[in-house]
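Below: one structure, written as structure tokens.
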Amino acid sequence: MMIARQSLPLFALLAALGLAAPSEAAEPAKPAEPHSYVDCVALTEREPAKALAYARDWKAADGGQAALHCEALALSALGELDEAAARFQELADGMADAPVETRAEIYGQAGNAWEVAGNLGKARAAYDAALALLPHEPELFLARARLRALQKDWDGVRLDTGEALAESPSLAAALTLRATALRNLGHPKPALADAERAVSLAPHNLEALLERGRMRAETGNLSGAKADWLTVIRFAKQTGRASDPAAAAAQALLDKSGKPAQ
């Protein structure tokens, strides 16, 4: 799982952090300020260690929320997930006057970082805080559903994916995850229907194909299941994702079924 980066439009995040957006018409001359949020975020993509030093130097010079957010992004890029999550959390907690969309976004980043770090309790609290601010955001429901899947809370997964789909009925990832929940709850027919719908919406999605294969096998269509698992492996190889967990799972299911991958 990847750490959430900066998905808000840059101008919106800059405004929320109390910064002015850069002018497209401006000459690329020396910056008016010694530190730049745009430069700091760009540096996290190329040289995260330098970005972290930049952000901390800026924070020491009273860089405020912008410096703290860039520090969190740099820590994420360096794999310092507990510390990154704490910085995202600190930032979101302190942004009482920011737009709810911005606070929810950053709580979501905190939840993602806590989750990847293995602190599922803090991840759940962060996602709950995000949804309290933005209760109709399907991606936040989906994020919490994925966390609940790690905890084997299949009723919770079903509820959260249902909320996500109520807001965004064509969200293939939510359909796939709800299918997994329904399978684990012992409801094969609706699980297969969700998996079929997910594949129709995203025919090259490895997880959707993998799940449909599982449900086809459980409902007696073993040849269809094997076809799906072979397709997962083929698509993974064709798109440079041969090591994707879905491909490994498909291979294991094929081996168990007695048919090696081609």
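Specify the angular offset, from 0 to 90 degrees and rounded to the nearest 10, of the alpha carbon long axis of helix 100-117 from the longest principal axis of the alpha carbons in the chain. The angle comes out at about 60 degrees.
Take the residue pairs Lys189/Lys226; Lys122/Lys189; Lys152/Lys237; Lys189/Lys256; Lys122/Lys152 and return only those whose Cα atoms are more than 27 Å apart.
Numbers: Lys189/Lys226 19 Å; Lys122/Lys189 35 Å; Lys152/Lys237 30 Å; Lys189/Lys256 23 Å; Lys122/Lys152 17 Å.
The pairs that break the limit, which is 27 Å between Cα atoms, are Lys122/Lys189; Lys152/Lys237.
With contacts taken as Cα pairs under 8 Å at a separation of at least 6 residues, the chain carries a relative contact order of 9 percent. Sparse packing (at most 10 other Cβ atoms within 10 Å of the Cβ) combined with a DSSP loop state is found for the following trypsin sites (Lys or Arg not before Pro) in segment 91-158: Lys152. Here His187, His69 are placed in order of increasing Cβ neighbour count within 10 Å, fewest first, which gives His187, His69. With 0.36 nm allotted per residue and the present C-alpha distance subtracted, the Glu218-Ala42 stretch has 58.6 nm of extension available.
Taking label points 7 Å from Cα along the Cα-to-Cβ direction, Lys256 and Ser170 give a separation of 3.4 nm.
Applying both filters, DSSP loop and at most 13 other Cβ atoms within 10 Å, to the chymotrypsin sites (Phe, Trp or Tyr not before Pro) of segment 62-166 eliminates every site.
Listed from fewest to most Cβ neighbours within 10 Å, the set Leu133, Leu201 follows the order Leu201, Leu133.
Helix 120-133 and the longest principal axis of the C-alpha atoms of the chain enclose an angle of approximately 70°.
Working note: 222 nm ellipticity from helices only, DSSP H runs with n ≥ 4, each -39,500 (n - 2.57), summed and divided by the residues of the chain, gives -22500 deg cm²/dmol to the nearest 500. Extending 7 Å from the Cα toward the beta-carbon at both Asp82 and His204 defines two label points whose distance is 4.0 nm.
Since only Gln251, Phe141, Ala125 are under comparison, the one whose Cα sits farthest along the positive direction of the charge dipole of the chain, derived from C-beta charges on Lys, Arg, Asp and Glu, is Gln251.
Every number here is computed from the coordinates shown, using simple stated rules; none is lab data. Computed from a prediction, not measured in an experiment: that's the story for all the values here. Cβ sites come from the backbone with ideal geometry, for glycine too, and all protein chains shown count toward neighbours.
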